[in-house]
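Note sheet for the following structure.
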Amino acid sequence: MAKSAPAAPYATLDPDTVLDAVAAAGFEPDGRLLALGSYENRVYQVGLEDARPLVAKFYRPGRWSDAAIDEEHAFAHELAAAELPMVAPLVVDGRSLFEHEGFRYALYPRQGGRAPELESADHLAWMGRLLARLHAIGARHAFRARPAIDVDGFVREAARNVLASGLLPPTLEARYGRTLDALAAMLDERIAAVGPASRLRLHGDCHLGNVLWTDAGPHFVDLDDARMGPAVQDLWMLAPTREALDALLEGYAEFRDFDFTELALIEPLRLMRQVHWAGWVAARWHDPAFPLAFPQVGEARWWEQHCNDLDEAIDA
């Protein structure tokens, strides 16, 4: 159980508040409301009078600055303007970030789709082409308010969140601290050995849940985790095998050169994501949605296995 119990961040975000927020932005809700799957933020499909439903995304309080959210929105609009299939937020009276009852939120057109089936080389190459075009735009300039994907943010900060959460059994605290110190130092060394990879604006969290497929092909959703980082970050999560990665890169090469030295970053990035996930859940444990969704993280045996996995990664 956590050492402290801050207020649940969405305790006052009830259905009336959601509908009132949509109305405050100039739309006319018809009362229909459907919660969509999201842990970091709260996302709802909202029915409108005489119009197609829209999607309302309520940002987690305290996570991003207004400037960082504005950069997310600007990137989405930049991609959409370049005719990439990116769901961008609606702009009302020159704004895409709104506030109501202390919650910051954005509104999106509802676009359906199904989970992508990336078993075929053709679909993987299609995704590779889209990511190459996304990265070509992402390389135009840098984020200023959003952080980069790096060891400090994904490992050292995550470790601090775990140690402060009270979830880690006391018998594992010293071991966890030693393991994370060693892992961070190893990752620093491995990344430095690869050399200076180019950093560009990325989707940042390009897994299958953030891609929807229709008869017209795939489109991207959710730039909430957009950051600066190496291009390979947006590729490895879509490619569980080397054959899949080769198919992605074949499509990618049609629109943009890929620096193959970045392939050596895949394992460090995978480990960084593993540590970051544990720190993310630990930092959000006071949100009632997290213990319900990830009950295993509240068990001592999960943390023991987590430490074992990290020790094995260091030994390997």
### Message
Criterion first (surrounded by 18 or more Cβ atoms within 10 Å (Cβ to Cβ), farther than 26 Å from residue 104 by Cα and assigned by TED's automatic domain parsing to the domain that holds residue 175) does residue 223 satisfy it?
### Response
no
### Query
If you go through the range 183-197 one residue at a time, do you hit one that is closer than 23 Å to residue 80 by Cβ and either touching a residue at least 60 places away in the same chain (Cβ under 8 Å) or in contact with a strand residue (DSSP E or B) (Cβ under 9 Å, 6 or more places away or on another chain) (or both)?
no
### Message
So, in the range 244-266, how many residues would count as being outside any loop (DSSP other than H, G, I, E, B) and without any contact (Cβ under 8 Å) to a residue 60 or more places away in the chain?
### Response
5
### Summary
Given the conditions (1) modelled with pLDDT under 95; (2) buried (at least 22 other Cβ atoms within 10 Å of the Cβ); (3) of a type in the set (Ser, Thr, Tyr), every one holds for residue 105 apart from (1)
### Message
I need every pair where a residue in the range 219-236 that is within 17 Å of residue 151 (Cβ to Cβ) has its Cβ under 6 Å from the Cβ of a residue that is of a type in the set (D, E, K, R) and not in a loop (DSSP other than H, G, I, E, B), sequence separation at least 6 or different chains.
### Response
230/262; 232/262
### Message
Name the residue that is farthest from residue 16 (Cα to Cα), counting only residues in the range 65-84 that are touching a helix residue (DSSP H, G or I) at 6+ places or on another chain (Cβ under 8 Å) and surrounded by fewer than 19 Cβ atoms within 10 Å (Cβ to Cβ).
### Response
82
### Query
Do you know which of the residues in the range 208-237 that are in a loop (DSSP other than H, G, I, E, B) and of a type in the set (D, E, K, R) is nearest to residue 194 (Cα to Cα)?
227
#### Entry: Hits in the range 176-197 - residues which are exposed (fewer than 12 other Cβ atoms within 10 Å of the Cβ) and of a type in the set (Gly, Ala, Ser)
192, 193, 195
### Query
Do we find that residue 42 is surrounded by 16 or more Cβ atoms within 10 Å (Cβ to Cβ) and not polar (S, T, N, Q) in this structure?
yes
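One line per residue, one yes/no per condition, for (1) hydrophobic (A, V, I, L, M, F, W, C); (2) in contact with an Asp or Glu (Cβ under 9 Å, 6 or more places away or on another chain); (3) assigned by TED's automatic domain parsing to the domain that holds residue 41:
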residue	(1), (2), (3)
207	no, no, no
215	no, no, no
230	no, yes, no
240	no, no, no
243	no, no, no
255	yes, no, no
264	yes, no, no
### Task
Return the residue satisfying two criteria in turn: it lies in the range 36-51 and is part of a strand (DSSP E or B) and modelled with pLDDT under 95, and of such residues it is farthest from the chain's Cα centre (by Cα).
51
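The values are calculated or read from the model by the stated rules, or taken from the named source; none is laboratory data. The structure displayed is predicted, hence computed values, not measured ones. Note: ideal-geometry Cβ built from the backbone for every residue, glycine included; neighbour counts use all protein chains shown.
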